[in-house]
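First comes the structure, then the notes that go with it.
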Amino acid sequence: MGKTAEITGIGGFLPFDMRVERVRLGDPQGDWLEIDGARFHLVPSALLRLKVEIAAVGAERVALNRLPPSAPTPEPPEPFTFPSLPKLPKSLPVAVDVLRIFVDRLELGQPVIGQAAAFRIDGHTGTNEAADRLTADLRIDRVDQATADIRLALDADLAGGALDLSLKANETGGLLAAVSERPEAGELHLDLGGQGPIGGGGSHSRRSISRALRPTSNSGWPICRASGSTAAWTWLRACCRRRWSP
């Protein structure tokens, strides 16, 4: 009861260049989600070349002040399994290219991750015409203080179930300590990459990832080069054992 939704400032050249000035979702405690300057820009001329080209999709500002109240989620009866690669519709006769995925400022409140923080997100993704290959690049930077960044690049062979992955992450500002609720957790630097199959039962991938998430290791798929405090790695490996245990 008492849930509210406000959407104002819808404009642009519908349906190809749509803009929404302001979105607010709330409850009796106030707004828990704020979105300003949302945009979806589809390039109509690309359709003549049998291509879906999205010039930009994102928002100038997204603020998740807290998570909305919800019923408790029961624990899953089975261990977490590594997800299979997505399958795009075979009937899709065109390539899809999203030139820019962005959030100029993503604000996460203290109730969400244990520490108020702001980030910038920028990336792009696309598929080939056969819809059997997906590429993506994503960059996330903390902007309220320059203490965290993530770089993700992937090339997925959807037909063959293979993945080429590069993930680099750094955190030096105490965010890991807040998320893990371990005040002693220190800095974390991660460089994870490799090529290999994924999907199916996933037990081999889960065991490989579990072995790779150590301060220094070379387990084949993936390859991991990392450093950080003992407390940080103790927490990260504990999460890995809970989530990826075969």
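The values are calculated or read from the model by the stated rules, or taken from the named source; none is laboratory data. Remember, predicted model here, so these are calculated numbers, not experimental data. Cβ atoms come from the backbone with ideal geometry, glycine included; neighbour counts cover every protein chain shown.
Every residue, every condition in (1) modelled with pLDDT under 55; (2) touching a Lys or Arg at 6+ places or on another chain (Cβ under 8 Å); (3) in a strand (DSSP E or B); (4) within 25 Å of D157 (Cα to Cα), yes or no:
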{"residue": "E75", "(1), (2), (3), (4)": "no, no, no, no"}
{"residue": "L85", "(1), (2), (3), (4)": "no, no, no, yes"}
{"residue": "P93", "(1), (2), (3), (4)": "no, no, no, yes"}
{"residue": "V98", "(1), (2), (3), (4)": "no, no, yes, yes"}
{"residue": "I101", "(1), (2), (3), (4)": "no, no, yes, yes"}
{"residue": "D104", "(1), (2), (3), (4)": "no, yes, yes, no"}
- Message: Looking at (1) crowded, with 17+ Cβ neighbours inside 10 Å; (2) in the same structural domain as R49 (by TED's automatic domain parsing), which one does R100 not meet, given that it meets all the others?
- Response: (1)
- Within segment 29-65, which residues are on the phi > 0 side of the Ramachandran plot and either in contact with a strand residue (DSSP E or B) (Cβ under 9 Å, 6 or more places away or on another chain) or at pLDDT 95 or above (or both)? G37, L50, G58
- Message: Condition first: of a type outside the set (V, I, T), within 26 Å of I113 (Cα to Cα) and either outside any strand (DSSP E or B) or in contact (Cβ under 8 Å) with a residue 40 or more places away in the chain (or both). Now tell me which residues in segment 138-164 satisfy that.
- Response: D144, Q145, A146
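Residue under question is T135, and the condition is that it be closer than 23 Å to R105 by Cα and at pLDDT 85 or above; does it hold? Explain how you work it out, then say what you get.
Working: closer than 23 Å to R105 by Cα: no; at pLDDT 85 or above: yes.
The answer is no for T135.
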